[in-house]
Amino acid sequence: MSACLFCRIVKKEIPANALYEDESVIAFNDVNPQAPVHVLVIPKEHVARVMALSSEDLSLVSSIHRAVQELAKKLGVRESGFRLVVNNGPDAGQAVDHLHYHLLAGRKFGWPPG
Ligand code: AMP
Ligand code: ZN
């Protein structure tokens with residue numbers, strides 16, 4: 001999956017400032033931030049989207065959520081709150097076909113989302 005943009009970030013072929021990294025997850029700032037805090041949390045393994053996850057990926061999902069908790073503490077938004085967004089497929093506007101969680105914080109978010 002070397003053509004995949006986020007796999008290339010995982011392999012350090014494209015630079016991204018890692019805010020969090022462990023053996024299965026990496027997180028970095030979104031290039032087009034939609035909030036004062038806009039971090040992308042991705043599995044190092046290529047999984048295209050939520051619908052591509054299998055039951056063997058349960059620990060991967062758990063690791064992503066663990067990373068989100070660590071980032072929320074590190075970025076000082078644990079108490080103020082944050083929004084997690086995972087786009088899956090065309091109607092959601094998924095642009096990069098490598099599973100990613102948007103961690104958004106630092107402002108109030110409206111509901112329903114746009
Ligand atoms: P989505 O629309 O959910 O697929 O989100 C893809 C996100 O990836 C967008 O918010 C983009 O701004 C972001 N993005 C695209 N290329 C890069 C990159 N090289 N580094 C960081 N974020 C990126
Ligand atoms: Zn990928």
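Just so you know, all these numbers are worked out from the coordinates, no wet-lab data involved. Bear in mind that the values here come from a model prediction, so they are computed numbers and not experimental data. Here the Cβ is made from the backbone with ideal geometry for all residues, glycine too, and neighbour counts use every protein chain on show.
One residue stands out in the stretch 9-29 among those that are assigned to a loop (DSSP other than H, G, I, E, B) and among the polar types (S, T, N, Q): the one that is surrounded by the fewest Cβ atoms within 10 Å (Cβ to Cβ), namely N17. Answer yes or no: is there a residue in the stretch 32-41 that is within 12 Å of the chain's Cα centre (by Cα), surrounded by 14 or more Cβ atoms within 10 Å (Cβ to Cβ) and of a type in the set (G, A, S). No: the stretch 32-41 contains no residue that is within 12 Å of the chain's Cα centre (by Cα), surrounded by 14 or more Cβ atoms within 10 Å (Cβ to Cβ) and of a type in the set (G, A, S). Reported count of residues in the stretch 12-21, each being over 18 Å from L104 (Cα atoms) and in contact with a helix residue (DSSP H, G or I) (Cβ under 7 Å, 6 or more places away or on another chain), is 1. Given the structure, is D91 within 11 Å of ligand 1 (Cβ to nearest atom) and either small (G, A, S) or not in a strand (DSSP E or B) (or both)? Taking the combined requirement at face value, the residue does not satisfy it. Candidates are the residues of the stretch 94-114 that are away from ligand 2 (no atom under 16 Å from the Cβ), in a loop (DSSP other than H, G, I, E, B) and touching a residue at least 60 places away in the same chain (Cβ under 8 Å); the one that is nearest to R66 (Cα to Cα) is G106.
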